[in-house]
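Working notes for the structure below.
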Amino acid sequence: MDKPQHQRILLVDDDPQIRSLLRDYLQQFGFECRTEADATGLRTAWADGTYDLVILDLMLPGEDGLSLCQWLRGQSRVPVLMLTARGEAVDRVVGLEMGADDYVVKPFEPRELVARMRSVLRRSEPAGLPTAPSADADLVGAEILRFAHWQLNRTTRELIGEDGVLVPLSNAEFRLLWVFIERPRRVLSRDLLLDTARGRAAEAFDRSIDLLVSRLRQKLGDDPKEPKLIRTIRGEGYLFDCKVAP
């Protein structure tokens, strides 16, 4: 039996059998799991306590999982893992656009779900930030980093614009930006970005990094047609074309 994790999980799914089976299964791995059936239950549970991870079914009665994921992103940086009965790439892409950190397609093996949960939880830990061997030590240790007309607060994981407006980042967006900040003005391959920003424990689909880059560009106000900060290097990857200073 794996070492207990003692982490709190909120599972939202309208299928009572799935809720019961997954709650019992996750408890075997030391996870404390609360289950709810719909949006009302999620909001009640959210008001009652804090959670390390939310597992959210895409197809819920009434308010669906995508809407709830977007709502959660407005409340917190808590990692969100989506469950979907549809395997089309468009569903996964939309889920990630709403701020989800990963997805699992039904039907799935419970052990696969645990592996993906652990991967998402590892990536969400501040201590687990990737560190480039050649990164400037002053940058790695700084709490506030400055580039272009932005500041990045490493502790709160917020972008701060010239006007003082705070722009929250999802875990995946923050990690991707951190990879770029550590390696400014270097061409980074998609494989390297996948390894450092999302991890390989969960199989990535082809567009995952391109989607994350698109989301990050949007938050940075970087024109996708003529990006200035995150440039696409055709056939090679991406380049963060900006000077970074503490």
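The values are calculated or read from the model by the stated rules, or taken from the named source; none is laboratory data. Note that the structure is a prediction, hence the values are computed from the model and not measured. Because the Cβ atoms are built from the backbone with ideal geometry, glycine has one as well, and the counts that use them run over all protein chains shown.
Comparison of Glu109, Glu97 shows that the only residue that is farther than 14 Å from Met59 by Cα and at pLDDT below 70 is Glu97.
Filtered by the rule that a residue be closer than 16 Å to Ala100 by Cβ and part of a loop (DSSP other than H, G, I, E, B), segment 43-72 gives Tyr51, Asp52, Leu58, Met59, Leu60, Glu63, Asp64.
Taken over segment 19-42, the criterion of being free of Cβ contacts under 8 Å to residues at least 24 places away in the same chain and touching a Leu at 6+ places or on another chain (Cβ under 9 Å) is satisfied by Arg19, Arg23. If you filter segment 1-41 down to residues that are of a type in the set (S, T, N, Q) and assigned to a loop (DSSP other than H, G, I, E, B), you find that the one that is modelled with the lowest pLDDT is Gln5.
Residues that are surrounded by 13 or more Cβ atoms within 10 Å (Cβ to Cβ), modelled with pLDDT under 85 and of a type in the set (Asp, Glu) were ranked within segment 187-246; the one that is nearest to Phe108 (Cα to Cα) is Asp195.
A Cβ distance below 6 Å, combined with a sequence gap of six or more or placement on separate chains, defines the contacts here; from segment 148-165, residues that are among the β-branched types (Val, Ile, Thr) reach residues that are surrounded by 13 or more Cβ atoms within 10 Å (Cβ to Cβ) in the pairs Ile160/Gln151.
Within segment 92-105, residues that are part of a helix (DSSP H, G or I) and of a type in the set (A, V, I, L, M, F, W, C) have Cβ atoms under 8 Å from residues that are modelled with pLDDT of 70 or more and crowded, with 24+ Cβ neighbours inside 10 Å in these pairs: Leu96/Ala172, counting only partners at least 6 apart in sequence or on another chain. In segment 116-135, the condition of being at pLDDT 85 or above, surrounded by fewer than 20 Cβ atoms within 10 Å (Cβ to Cβ), at negative phi and not acidic (Asp, Glu) is met by at least one residue. For segment 154-185, residues that are closer than 13 Å to Pro79 by Cα and surrounded by fewer than 21 Cβ atoms within 10 Å (Cβ to Cβ) total 0.
If a residue has to be modelled with pLDDT under 85 and of a type outside the set (Val, Ile, Thr) to count, how many in segment 136-157 make the cut? Within segment 136-157, residues that are modelled with pLDDT under 85 and of a type outside the set (Val, Ile, Thr) number 9.
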